[in-house]
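Where a number appears in this text, it was derived from the coordinates with a stated rule and is not lab data. Model, not experiment: these values are computed from the prediction. Using ideal geometry, Cβ is built from the backbone for each residue, glycine included, and neighbour counts are taken over all protein chains shown.
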Amino acid sequence: MDSMNHLIRKKPFLTWLVVLLCLRGELMAQDTTVNLTMESAIALGLKNSKQLKGSLAKMEAAAAVLQQAKDQRLPDFKVSGSYLRLDNPNIDLKVKSNGSGGSTGNNINVSQAFYGIASISYPIYSGLRIQNGIAAAKFLEMAARLDADHDRGSVMLNTINTYINLFKAKAAVLLVKENLEQSRQRDTDFASLERNGVLARNDLLKAQLQTSNIELSLLDAENNLKLATLALNLLLGLPEKSELNLDSNSLHPPAQIKGVAEYEALAARSRADARALEMRRQAAGAGIRAAKGEYYPSLALTGGYIAADIPGFFSVTNAVNIGVGLQYNLSSLWKTNAKIQEARAKERQVLAEAEYMDDNIKYQVNEAYQAFELSRKKIEVYSKAIEQAKENYKITKNKYDNSLATTTDLLEADLAQLQATLNHAFAQAESTAAYNRLLQAAGLLTGGVSDNSFSKPNN
């Protein structure tokens, strides 16, 4: 130790090194504990969601398809060229040479040929296939964005539910620990009474048995807490061993809400998945119009350049051409009808899905609304139950002290008090979850949450 102090005195940088290592250890220890409000949990969940990364990829793919459809309006430009090696072809030109009518091709020796072609074609009219293709791709790109919005709401609700599950797990551990401490203290008191011959041995064993049962309950509660913590850490992209300090103030739903009819009306306008389905319906309509465009010809402005050279025979340069090209595929008269039928079938499929979703949204809104109403009533009942359980325990304890109640009665009264407290804490958390499910069912659970409230605990 003296030698170490001597080294530090001789080399001051060692002092700083030790200090830095200590600070690093302290910071690493702090990194394992995170203060987390529900708002900051939602922000982290959205930021690190693997589901939303997939949604983003789908949006990018839809945007690329839209760009491909728009690129159909651009001109096509092609360049080609070839070098040909010929094997002594027989050439017989049916042209007059030097005023005589004889053929002159037999004396031509051709062994190779070169040519190059550049052509450009700009579409002028294509039976509205390009315009409707762009419209369909645009609707599908909007649908992909709305799907991402819907996924965003799902991620937010999943984060809220996981946050609440962790809160319930923490509350269970805390309450069971408190009850276990009381039970152990009671065991100590009962053991003293039993030694003095005031309490029967059987009553002491009953109390000790309840303590053992509470210890088992604590083991289950702590295991559930570990799993709930791991689930939220994975969901938020935090280290697996992070200790999370939750904010109970985040778990208070509003006292008053709108009527169920208002939430149904809001859902009809706000649900992103329903709006995405409407975009797909419009895309299907554009697909029908694009398919009908197969019946019409295509008109394009064309131009090109040709150069060729056959050594010893002829050469062509600066052969520039420009004009208008008309193309009509006669087979479209009997092939297009099937494409139109397919496009109409897709539209009917989307319409059927929309009708089904309409009914499903109404059911989801009503189910979530009733669940929230039920949770509020449970909170009221459990609030009364806590007061009743406390009063019951007080009376039973007084009777027990006066030998008017058995040990079993006292233990049951204590257990009822614990259960009432747990039920009330869980009901408050579940009411918050039910309210957010109602918001999600009505299409009102959206983003806009910043991660400013995410912080590390203060010393």
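Some points to look at:
- Subset of K168/K399; K168/K384; K50/K258; K53/K335 violating a 30 Å alpha-carbon distance limit: K168/K399; K50/K258; K53/K335
- Normalised per residue, the volume of the convex hull around the Cα set of region 162-220 (Å³): 54
- Helix 12-31 axis, angle to the chain major axis (alpha carbon atoms, nearest 10°): 90
- Here is the list for region 184-273: trypsin sites (Lys or Arg not before Pro) lying in DSSP coil, each with at most 16 other C-beta atoms within 10 angstrom of its C-beta, are K241, K258.
- Between helix 38-48 and the chain: long-axis angle, C-alpha atoms, 0 to 90°, nearest 10: 30
- When region 294-451 is reduced to its Cα atoms, the Kirkwood hydrodynamic radius in Å: 24.6
- Relative contact order (percent, whole number), the chain, Cα cutoff 8 Å, 6+ residue spacing: 26
- Dipole in debye (nearest 20) - region 192-349, about Cα centre, beta carbon charges: Lys, Arg +1; Asp, Glu -1: 860
- Going from the residue with the fewest nearby Cβ atoms within 10 Å to the one with the most, T32, T336 rank T32, T336.
- Pair-distance distribution of the chain: all C-alpha pairs, bin width 10 Å, starting at 0; shares per bin in whole percent are 4, 12, 14, 14, 13, 11, 10, 7, 6, 4, 3, 2, 1, 0, 0.
- For region 280-384, convex hull of alpha carbons as volume per residue, Å³: 213
- Overall shape of region 337-424 was characterised from the C-alpha gyration tensor. The equivalent ellipsoid obtained from it has semi-axes of 62, 12, 6 Å, in decreasing order.
- Axis angle, to the nearest 10 degrees, between helix 201-236 and the longest C-alpha principal axis of the chain: 20 degrees.
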